[in-house]
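The values are calculated or read from the model by the stated rules, or taken from the named source; none is laboratory data. Here the structure is a predicted model, which is why all the values come from computation and not from measurement. Note that we place each Cβ from the backbone using ideal geometry, even for glycine, and neighbour counts take in every protein chain shown. Surface areas here come from the heavy atoms of the whole protein model, side chains and all, with no ligands, DNA or RNA. Shrake-Rupley method; radii C 1.70, N 1.55, O 1.52, S 1.80 Å.
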Amino acid sequence: MTHAANSLSIRKGEKADIPAMVELLTQLFSIEADFQAAPEKQTKGLELLLRHPDAVIWVAESGGEVVGMITLQVLISTAEGAAVGLIEDLVVAESWRRHGAGRELLRTAEAWATKQSLTRLQLLADRQNAAALAFYRQQGWSGTQLMGLRKLLR
């Protein structure tokens with residue numbers, strides 16, 4: 001399937017987009033070993049992000065259909081002595097991959113972060129997802145010596 005680059009638009013996500021975003025997250029979590037799709041949890045998380053003053057969601061849309069999304073949350077870094085951004089979700093529908101949607105979503109997030117005077121963006125990527133890691137490197141992202149750890153509290 002071919003997609004016209006000019007048929008893609010990026011806009012802020014809204015409540016009406018939640019079902020499409022949940023579907024995208026289901027696709028993402030199907031390839032990530034650490035997470036499992038739970039539509040009710042993803043719905044709740046997206047609702048919280050949409051209401052949170054220090055978070056933003058953008059969606060890529062074509063022909064009225066949401067084909068990608070990215071979330072960004074603002075954190076305070078003691079290392080930077082400033083606000084930084086955490087990208088938790090970047091996912092593009094399989095049929096839209098390699099057509100520029102992910103690149104445009106990432107550029108939108110980076111431009112917003114710059115405008116907000118954030119000093120760094122960071123994200124976690126599944127180490128087994130070679131395609132995602134190659135994509136991030138192509139966009140100028142680099143790895144760190146840090147390793148992600150987690151502890152579930154509930």
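Scanning region 107-126 for residues that are acidic (Asp, Glu) and touching a residue at least 24 places away in the same chain (Cβ under 8 Å) yields one hit, ASP126. Filtered by the rule that a residue be exposed (fewer than 15 other Cβ atoms within 10 Å of the Cβ) and in contact (Cβ under 8 Å) with a residue 24 or more places away in the chain, region 132-146 gives a lone residue, GLN139. Quick check on my filter: what residues within region 63-78 are over 15 Å from MET21 (Cβ atoms) and either crowded, with 20+ Cβ neighbours inside 10 Å or out of contact with any Asp or Glu (no Cβ under 7 Å at 6 or more places or on another chain) (or both)? Matches in region 63-78: GLY63, LEU75, ILE76, SER77, THR78. Of the residues examined, GLU14 is one that is exposed (fewer than 13 other Cβ atoms within 10 Å of the Cβ) and either at pLDDT 95 or above or charged (D, E, K, R) (or both). For the criterion of being within 14 Å of the chain's Cα centre (by Cα), more than 23 Å from VAL22 (Cβ to Cβ), surrounded by 11 or more Cβ atoms within 10 Å (Cβ to Cβ) and modelled with pLDDT of 95 or more, ALA109 fails.
The single residue among ARG51, ARG120, ARG127 that is open to solvent by 20 Å² or more (accessible area, probe 1.4 Å), under 23 Å from SER9 (Cα atoms), among the basic types (Lys, Arg) and out of contact with any helix residue (DSSP H, G or I) (no Cβ under 7 Å at 6 or more places or on another chain) turns out to be ARG51.
Taking the condition among the aliphatic types (A, V, I, L, M), farther than 23 Å from ARG154 by Cα, in contact with a Gly (Cβ under 9 Å, 6 or more places away or on another chain) and at pLDDT 95 or above, does ALA82 pass?
Values: among the aliphatic types (A, V, I, L, M): yes; farther than 23 Å from ARG154 by Cα: yes; in contact with a Gly (Cβ under 9 Å, 6 or more places away or on another chain): no; at pLDDT 95 or above: yes.
The answer is no for ALA82.
The residue that is farthest from the chain's Cα centre (by Cα), among those in region 79-99 that are open to solvent by less than 10 Å² (accessible area, probe 1.4 Å) and over 17 Å from ASN129 (Cβ atoms), is VAL84. Has region 105-127 got at least one residue that is out of contact with any Gly (no Cβ under 7 Å at 6 or more places or on another chain), of a type in the set (Val, Ile, Thr) and within 26 Å of THR26 (Cβ to Cβ)? Checking region 105-127: at least one residue is out of contact with any Gly (no Cβ under 7 Å at 6 or more places or on another chain), of a type in the set (Val, Ile, Thr) and within 26 Å of THR26 (Cβ to Cβ).
Where residues in region 27-41 are without any contact (Cβ under 8 Å) to a residue 60 or more places away in the chain and more than 13 Å from the chain's Cα centre (by Cα), which of them is surrounded by the fewest Cβ atoms within 10 Å (Cβ to Cβ)? If we take residues in region 27-41 being without any contact (Cβ under 8 Å) to a residue 60 or more places away in the chain and more than 13 Å from the chain's Cα centre (by Cα), then GLU40 is surrounded by the fewest Cβ atoms within 10 Å (Cβ to Cβ).
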